[in-house]
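Some notes on the structure that comes next.
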Amino acid sequence: MSFNNTIISVSGLEHSYGSAKVLKGLNFTVEKGKIFGLFGKNGAGKTTTINILMGFLTPEKGDCLIYGEKSSQLSNENKSRIGLLHEGHISYDFMTLEQTEKFYKGFFPKWESKTFAYFMEKLGLPKNRKIKHMSCGQRSQVALAVLMAQGAETLILDDFSMGLDAGYRRLFLDHLNQFVKDNNKTILITSHIVQDLERFVDEAVIINKGQVLLSAPLSKIKDGIYGYRLPLNADIKNIKKDKRILDISITKESYEIITRLTLEESKKYFQGITLSENIIPYNVSFEDAFIALTGKY
Amino acid sequence: MKHIFYKEKIKLNRILLAVIIINAAVLIYTFFRVRVGIMLNEPSGIWLDIILRNGIFYSKVETALYVSALLLGVMQFYPEFERKRFRLSCHLPLNEYKMIFYTSLFGIIVLTVLWLIDMAGVVLLASQFFPIDIYRAIPLVMFYWYINSLIIYTFASSLTLEASWNVKLRLALMMAGCIWAFKMEVYNSSLSYAVTAFLFAVFYCFSIYFPALRFRKGL
């Protein structure tokens with residue numbers, strides 16, 4: 001890993017609100033060209049981290065550098081290299097689509113009118129439509145169009161899925177995939193709907209209680225985590241969550257148990273406790289692994 | 001600067017129209033009020049009112065200017081405060097200090113233009129009915145109103161942009177003290193006093209940086 005490839009560097013980040021310490025020494029880096037997911041449950045410190053990354057919060061301790069500059073003191077040059085998508089797809093919603101383009105064009109010399117026009121064509125709305133009169137999904141497309149057209153090299157996308165239905169979430173990621181992978185852009189993304197990002201993210205950091213719980217390529221996050229289904233008539237009252245049993249869920253058809261036990265180990269374990277021989281392994285999703293690692297509460 | 005002005009113009013489109021209507025309506029009202037007053041009263045009564053009771057026949061213009069300042073301050077910064085939209089402005093590839101300065105400058109320019117139009121209107125109106133001795137002091141009196149309107153504009157915009165209610169309250173108390181200090185019944189005609197008051201108002205305008213930078217840095 002060379003320093004020049006590091007776009008975002010977070011080291012020893014600490015922050016408190018009053019007496020409540022929300023970040024307790026957070027460390028991670030984002031390399032050039034990577035799509036990096038920042039995950040955490042509510043209250044894990046994700047929003048605080050994003051606010052610091054975006055430069056809207058000064059941390060008590062530690063450094064958050066983007067392109068080698070403090071995120072809260074970015075030069076104009078680096079600001080134009082970084083695109084921010086704010087939670088809720090905030091935009092100047094008092095502007096029309098035409099005014100939005102005219103406004104941003106003045107700030108970004110590399111503005112790509114063709115890219116903006118592509119998104120607008122997909123939206124199929126008149127240019128004089130005000131953003132405040134659009135749906136949440138349409139607003140998300142406008143926000144994305146602005147980010148893409150300004151030619152930002154690095155994107156920080158905070159909870160892109162907020163308020164979007166499944167179709168618009170998929171559309172958002174499709175567009176992102178199309179533009180990002182072609183142009184070797186670097187992305188740091190968060191979402192409350194973690195399964196959306198499974199097909200998109202290269203690397204992930206999971207934070208819990210203000211600390212990094214796990215940082216790894218997404219393909220490795222699920223390593224050593226297994227899922228098994230037990231029939232609903234199995235007696236699971238003696239199965240307790242511990243280092244081996246990470247999570248127990250009930251679906252309408254079965255119990256789903258996420259564990260660190262291999263198939264052989266789990267057969268012995270479950271048969272001994274539940275007397276059930278009907279143990280069906282299944283592939284855990286990223287969301288399963290995330291919940292197993294961070295817990296439901 | 002022109003791009004920030006472009007945004008502010010779009011944002012304030014209707015408000016600009018509203019303040020123009022308010023001020024024009026007040027000028028027209030003042031014109032008819034004076035006209036009717038002169039028609040219905042003895043000239044000596046009007047003279048007594050102006051000289052002895054220190055009556056200002058165009059006092060409604062003062063209210064219009066202050067209402068305009070208040071409206072501009074709130075409506076210019078509320079959309080920035082709402083849903084933390086100010087973050088978009090802060091991330092524009094433009095020095096943040098300049099961005100804040102240009103944003104405020106737009107409001108101040110609008111206010112200045114309004115004041116100049118009001119003053120021209122009042123002087124023109126007065127010249128129709130009164131001797132120059134009566135309306136000679138109008139620019140001076142209205143200059144102090146202009147200073148007050150700058151202070152009200154800054155007060156309104158700073159309070160609107162400040163996110164914390166606790167800080168907003170403290171800011172309100174401090175800034176309201178300044179408004180009170182500038183409220184006057186007798187207008188000092190000394191040039192040095194007027195210049196000092198103006199310079200104070202200019203410095204006061206920079207207090208918008210306090211909530212703006214708090215917003216930016218999350219302090």
Complete set of residues in the range A:224-261 that are surrounded by fewer than 12 Cβ atoms within 10 Å (Cβ to Cβ), without any contact (Cβ under 8 Å) to a residue 40 or more places away in the chain and touching a helix residue (DSSP H, G or I) at 6+ places or on another chain (Cβ under 6 Å)
A:ASN238
Taking the range A:49-71 only, how many residues are surrounded by fewer than 20 Cβ atoms within 10 Å (Cβ to Cβ) and either under 14 Å from B:LEU92 (Cα atoms) or touching a residue at least 60 places away in the same chain (Cβ under 8 Å) (or both)?
1
Looking at A:LYS127, is it part of a helix (DSSP H, G or I) and either more than 10 Å from chain B (Cβ to nearest Cβ) or touching a helix residue (DSSP H, G or I) at 6+ places or on another chain (Cβ under 9 Å) (or both)?
no
Tell me, which residue of the range B:206-219 that is within 14 Å of chain A (Cβ to nearest Cβ) and in a helix (DSSP H, G or I) is modelled with the lowest pLDDT?
B:LYS217
What about B:ILE10, is it away from every other protein chain (no Cβ under 14 Å), closer than 27 Å to A:LYS130 by Cα and either in contact (Cβ under 8 Å) with a residue 40 or more places away in the chain or in a helix (DSSP H, G or I) (or both)?
no
Select from the range B:39-64 the residues that are of a type in the set (Asp, Glu) and more than 21 Å from B:GLY121 (Cα to Cα) and write down the one among them that is modelled with the lowest pLDDT.
B:ASP49
Criterion first (modelled with pLDDT of 90 or more and either more than 21 Å from B:LYS98 (Cβ to Cβ) or surrounded by fewer than 18 Cβ atoms within 10 Å (Cβ to Cβ) (or both)) does A:ILE8 satisfy it?
yes
Screening B:ILE22, B:ILE100, B:ILE56, B:ILE46 for residues that are surrounded by 14 or more Cβ atoms within 10 Å (Cβ to Cβ), aliphatic (A, V, I, L, M), away from chain A (no Cβ under 12 Å) and without any contact (Cβ under 8 Å) to a residue 24 or more places away in the chain leaves only B:ILE46
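To keep it simple, each residue is scored yes or no on (1) aromatic (Phe, Trp, Tyr); (2) within 30 Å of A:VAL212 (Cα to Cα); (3) not assigned by TED's automatic domain parsing to the domain that holds A:LEU197.
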| residue | (1), (2), (3) |
| --- | --- |
| A:ILE245 | no, yes, yes |
| A:ILE250 | no, yes, yes |
| A:GLU253 | no, no, yes |
| A:GLU264 | no, no, yes |
| A:ILE279 | no, no, yes |
| A:ASN283 | no, yes, yes |
| A:PHE286 | yes, yes, yes |
Please determine whether any residue of the range B:65-73 is assigned to a helix (DSSP H, G or I), among the small types (Gly, Ala, Ser) and farther than 18 Å from B:TYR146 by Cα.
no
Which members of the range A:32-72 meet the condition of being facing another protein chain (nearest Cβ under 9 Å) and more than 20 Å from A:SER161 (Cα to Cα)?
A:ILE52, A:GLY55, A:PHE56, A:LEU57, A:THR58, A:SER72
Starting from residues that are over 15 Å from A:ALA149 (Cβ atoms) and at the interface with another protein chain (Cβ under 7 Å from one of its Cβ atoms), keep the ones in the range A:75-110 and report whichever is modelled with the lowest pLDDT.
A:GLY88
Find the helices (runs of 4 or more DSSP H) located wholly in the range B:117-205 whose residues include 2 or more that are in contact (Cβ under 8 Å) with a residue 40 or more places away in the chain, within 30 Å of B:VAL36 (Cα to Cα) and among the aliphatic types (A, V, I, L, M), and list them.
B:138-161
For the range B:93-116, what are the residues that are closer than 13 Å to B:TYR153 by Cα and either among the polar types (S, T, N, Q) or not in a helix (DSSP H, G or I) (or both)?
B:THR103, B:SER104, B:THR112
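The values are calculated or read from the model by the stated rules, or taken from the named source; none is laboratory data. This structure is a prediction, so every number in the text was calculated from the model and none was measured. Every residue, glycine among them, receives a Cβ derived from its backbone with ideal geometry; neighbour counts consider all protein chains shown.
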